[in-house]
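Presented below is the structure to which this report refers.
The values are calculated or read from the model by the stated rules, or taken from the named source; none is laboratory data. Small disclaimer: the values here were computed from a predicted structure and weren't measured. Here Cβ is always computed from backbone atoms with ideal geometry, including for glycine, and neighbour counts include all displayed protein chains. To get the accessible areas, we keep the full protein, side chains included, count just its heavy atoms, and leave off ligands, DNA and RNA. Shrake-Rupley method; radii C 1.70, N 1.55, O 1.52, S 1.80 Å.
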Amino acid sequence: MSEAIEVDIADLPGVGPATKAKLEAGGVTTILDLAASTMGELVDSLNIADETAHNLIFEAQKLLKEKGYLEKDLVSAQELFERRSKLLKCTTYSENLDNLLAGGIETQAVTEFYGEFGSGKTQICHTICVSAQRPVENKGLAGSVLYVDTESTFRPERIVQIAKAHEMDVDEVLNHIHVAKVYNSSHLELIVKALGTLIQQNNIKLVIVDSIISLHRAEFVGRGTLAERQQKLNGIMHRLKRVAEIYNIAVVITNQVQATPDTFFGDPTKAAGGNIIGHASTYRIYLRKAGQERKAIMIDSPCHPYGDTNFMVTDGGVTDPAEKKTTSFKSKPTEKKVGKNTSKDDDSE
Ligand code: GTP
Ligand code: MG
């Protein structure tokens, strides 16, 4: 699904050489890039009229629908079922966690891991950098990884340890991980905008953003800046979601927690970033320390039952605890104050 499309952007109705040059100058080089753009982005970066931007995106999406890259406007449930059965699922190297995720980390979706410091978010990210490179028949994605590191916590040494533990060729594994070190929120926005090109040029099958919110949280301080911050995060999240669908890749983001001091029962923490991140994430998993182990709780998913399970972080990356606990599914989340739509003041920090 993510192989290059043979159609040149200039072949779209209404795109002459001048528009093509403008688009390219604005970083939109392929039909896929154009289809993944929003009207606001095109209007801002290319200085064109709303209607022109709308038509360009419409024509690009129409073409992708005709070619089967994007879902048609109306599809039968049967077609959707077949399409979903072709999704790829990437192992986390923990059977427990894979079961919680109904097979592993899915392509065409955004999977969010959130939890307090040391809960294992970055360790999961490092582990899937390795497992994603396995062949599809071995529960990998058979492709490269883009690691967007906003907290400077990516450690190639950990990759070496994890790759060795799984008897993979260490040099090969390292060569297929592309790390983008990002130092401010505008830089993150730029990288996310350029994802289409990066994915196509490097056969990327997994994009990791660790973490999605730290830079925005640090730069947009105080209530007065909240609306602008949320708008920017919204743009990033929607782009990630569209990119996951269009390129059939997995997107994994990590998120921090914030305290909710008004909580009397249950866990007094919830995901940072408010509804914007919660709504745009397809799957949302809460991580927390549980002695030597880690607990993972499925907080939000359109198709998984609520459930929880345990995993471990070891020298070899994420793995199952020695005494394997089966994943337990419940009808309701156990964390009353965790997840989206649980707080009256959800977007506040
Ligand atoms: P923040 O980014 O600070 O919010 O936390 P995080 O959730 O990303 O934490 P991370 O995934 O980095 O987990 C850190 C924990 O993983 C450490 O406290 C250790 O318990 C464990 N860990 C990290 N590296 C190793 C290692 O090489 N060996 C073992 N056994 N455990 C490790
Ligand atoms: Mg981390």
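The residues in segment 75-97 that are under 28 Å from residue 293 (Cβ atoms) and out of contact with any helix residue (DSSP H, G or I) (no Cβ under 9 Å at 6 or more places or on another chain) can be counted, and the count is 2.
Do the conditions hold for residue 145, that is, is it within 16 Å of residue 199 (Cα to Cα), open to solvent by 60 Å² or more (accessible area, probe 1.4 Å), away from ligand 1 (no atom under 12 Å from the Cβ) and under 18 Å from the mean Cα position of the chain (by Cα)?
Considered against the rule, which asks whether it is within 16 Å of residue 199 (Cα to Cα), open to solvent by 60 Å² or more (accessible area, probe 1.4 Å), away from ligand 1 (no atom under 12 Å from the Cβ) and under 18 Å from the mean Cα position of the chain (by Cα), residue 145 comes out as no.
The lone criterion from (1) within 16 Å of ligand 2 (Cβ to nearest atom); (2) more than 21 Å from the chain's Cα centre (by Cα); (3) surrounded by 18 or more Cβ atoms within 10 Å (Cβ to Cβ) left unmet by residue 157 is number (3). Would you please name the residue that is farthest from ligand 1 (Cβ to nearest atom), looking only at residues in segment 97-122 that are under 16 Å from the mean Cα position of the chain (by Cα) and open to solvent by 10 Å² or more (accessible area, probe 1.4 Å)? Only one residue fits best here, namely 108. In this structure, is residue 180 aliphatic (A, V, I, L, M) and either over 18 Å from residue 240 (Cα atoms) or not assigned by TED's automatic domain parsing to the domain that holds residue 245 (or both)? No: the conditions fail for residue 180.
Within segment 83-114, the set of residues being in a helix (DSSP H, G or I) and under 26 Å from residue 236 (Cα atoms) comprises 83, 84.
The residues of segment 189-246 that are crowded, with 22+ Cβ neighbours inside 10 Å and acidic (Asp, Glu) amount to a single one, 210.
In this structure, residue 245 does not qualify as without any contact (Cβ under 8 Å) to a residue 60 or more places away in the chain and outside the structural domain of residue 29 (by TED's automatic domain parsing). Taken over segment 190-220, the criterion of being at pLDDT 90 or above and not hydrophobic (A, V, I, L, M, F, W, C) is satisfied by 201, 202, 203, 205, 210, 211.
Residue by residue, here is whether (1) open to solvent by 30 Å² or more (accessible area, probe 1.4 Å); (2) in contact with a Cys (Cβ under 9 Å, 6 or more places away or on another chain); (3) under 17 Å from residue 192 (Cα atoms) holds:
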position	(1), (2), (3)
8	yes, no, no
27	yes, no, yes
35	no, no, yes
50	yes, no, no
62	yes, no, no
76	yes, no, no
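Looking across 165, 132, one residue alone is surrounded by 21 or more Cβ atoms within 10 Å (Cβ to Cβ), small (Gly, Ala, Ser) and more than 9 Å from ligand 1 (Cβ to nearest atom). It is 132. Residues considered: 63, 34, 80, 56. Of these, the only one that is more than 16 Å from ligand 1 (Cβ to nearest atom), modelled with pLDDT under 85 and not in a loop (DSSP other than H, G, I, E, B) is 80.
Scoring residue 159 on the criteria (1) within 16 Å of ligand 1 (Cβ to nearest atom); (2) more than 26 Å from residue 288 (Cα to Cα) leaves a single failure, condition (2). A single member of 214, 185, 131 is within 30 Å of residue 28 (Cβ to Cβ), more than 16 Å from ligand 2 (Cβ to nearest atom) and among the hydroxyl-bearing types (Ser, Thr, Tyr), and it is 185.
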